[in-house]
Amino acid sequence: MRSVLTALLAGSLCLAGLPASAGTREDVASFVQPTQAGRLAALEALLKREGLAYEIQTFEGGPKGKPMQGRNVVVTLGKGQRDLLLTAHYDAEVLKDGTLAGAVVDNAASVVAIIQAAKTLGAGKLKHRLRVIFFDQEELGLLGAKAYVAGPDGGRVAAVINFDVNGYGDTPFFADPKDPALAKAVRQACLAAAEDCLAFGAYPPSDHLAFRKAGAPETSFSILPAREAHQLWLFANAGKTSQMEAGFLPKVLGLIHTPNDNMDAVDPATVERAGRLAVELVRAADRTVK
């Protein structure tokens, strides 16, 4: 059954006659741009190609002392009194030399994954309104997410499912939700996707934290190789009791925010895996969250 389902999904994700993985790789690579505006243009091009209508919500952001307009990109699917949010940030880290990181692991891969999920979810019916949101200025302090929370739709949020760092590996891990209904949805989704998901009590900072501060149910998902995911759990959760060697850093922490975050690090199969998991997470949350 699983092999048949995988084949069907691969067929549905074929892009312009290319195998699914080849198309996925090209989509992720399109975000390697010299400017943030170029990354926004790459995102808009993918959404237009997939027939996903969107709006751009601007906000006042930028680093301290350097005001810069931010642009969140919002796709709205279906109707409902409350919103489920499926989110990922599309901006990239500015390196010390002033250039922009390729930022494909962090976080173009997740952007492509949730676009793939949106295509599938748009064909079904949900009780909630689904908003697929691509946040700007995450790397400057979650500014796009904070602006959304403070905006007119911040009070409609039923739950947030964020994706960050989904470029390579086979082991999903997540920020363990405090909300019982969302926690139940996460377990159901991992079971439905046949994934052994690893819960993090302390998960690296990402856009979900802006919603946590506002009291909304939230989680965030990543994928890494199994050994690296467990190493990162020790790094983030065990502290001085981790028994790791002095100076140890999981590989991903030496990859993101550096020139090495490039297409050499990306496995398209991981991106597609994240997209399928996102579908299951939204469907499960739609059932369990009010």
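Some points to look at:
- Restricting attention to segment 250-268, the residues being in a loop (DSSP other than H, G, I, E, B) and at pLDDT 95 or above number 10.
- The set of residues in segment 62-102 being in a loop (DSSP other than H, G, I, E, B) and either crowded, with 21+ Cβ neighbours inside 10 Å or of a type in the set (A, V, I, L, M) (or both) consists of TYR90, ASP91, ALA92, LEU95, ALA101, GLY102.
Rundown of residues vs (1) at pLDDT 95 or above; (2) of a type in the set (Asp, Glu); (3) closer than 15 Å to PRO217 by Cα; (4) under 16 Å from the mean Cα position of the chain (by Cα), yes/no style:
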{"site": "ILE133", "(1), (2), (3), (4)": "yes, no, no, yes"}
{"site": "ASP136", "(1), (2), (3), (4)": "yes, yes, no, yes"}
{"site": "LEU140", "(1), (2), (3), (4)": "yes, no, no, no"}
{"site": "ALA147", "(1), (2), (3), (4)": "yes, no, no, no"}
{"site": "ALA158", "(1), (2), (3), (4)": "yes, no, yes, no"}
{"site": "ASN166", "(1), (2), (3), (4)": "yes, no, no, yes"}
{"site": "THR171", "(1), (2), (3), (4)": "yes, no, no, yes"}
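- Yes/no for PRO217 being of a type outside the set (Phe, Trp, Tyr) and more than 20 Å from TRP233 (Cβ to Cβ): yes
- Sole exception among (1) at pLDDT 95 or above; (2) in contact with a Leu (Cβ under 9 Å, 6 or more places away or on another chain) for GLY215, by number: (2)
- When we screen ASP97, ASP164 for residues that are of a type in the set (D, E, K, R) and within 16 Å of VAL266 (Cβ to Cβ), the only hit is ASP164.
- Taking segment 1-48 as the range and being at pLDDT 95 or above and among the polar types (S, T, N, Q) as the test, the residues that pass are THR24, SER30, GLN33, THR35, GLN36.
- Search result, residues across segment 96-130 that are within 13 Å of the chain's Cα centre (by Cα) and not aliphatic (A, V, I, L, M): ASP106, ASN107, SER110, GLN116
- Scanning segment 219-249 for residues that are in contact (Cβ under 8 Å) with a residue 24 or more places away in the chain, outside any helix (DSSP H, G or I) and not small (Gly, Ala, Ser) returns THR219, PHE221, ILE223, LEU224, PRO225.
Yes or no, residue by residue, for (1) among the aliphatic types (A, V, I, L, M); (2) closer than 18 Å to VAL75 by Cβ:
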position	(1), (2)
PHE134	no, yes
GLY144	no, yes
ALA150	yes, no
GLY154	no, yes
ALA158	yes, yes
ASN162	no, yes
TYR168	no, no
ALA175	yes, no
LEU182	yes, no
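- Flag for ALA274 being in contact with a strand residue (DSSP E or B) (Cβ under 6 Å, 6 or more places away or on another chain), under 19 Å from VAL111 (Cβ atoms), assigned to a helix (DSSP H, G or I) and not polar (S, T, N, Q): yes
- Matching option when the condition is closer than 25 Å to VAL32 by Cα and either touching a Pro at 6+ places or on another chain (Cβ under 8 Å) or among the charged types (D, E, K, R) (or both), among ASP264, ASP196, ASP179: ASP264
- Taking every residue in segment 124-139 that is crowded, with 18+ Cβ neighbours inside 10 Å and pairing it with any residue that is modelled with pLDDT of 95 or more and aromatic (Phe, Trp, Tyr), at least 6 positions away or on another chain, the pairs with Cβ-Cβ distances below 7 Å are ILE133/TYR148; PHE134/TYR90; ASP136/TYR90.
- Scanning segment 61-104 for residues that are among the aromatic types (Phe, Trp, Tyr) and farther than 18 Å from LEU40 by Cα returns no hits.
- In segment 106-123, the qualifying residues are those that are surrounded by 21 or more Cβ atoms within 10 Å (Cβ to Cβ) and touching a Ser or Thr at 6+ places or on another chain (Cβ under 9 Å), and the one that is farthest from VAL165 (Cα to Cα) is GLN116.
The values are calculated or read from the model by the stated rules, or taken from the named source; none is laboratory data. Because the structure is a prediction, the values reported are computed rather than measured. Glycine also receives a Cβ, built like all others from the backbone with ideal geometry; neighbour counts cover every protein chain displayed.
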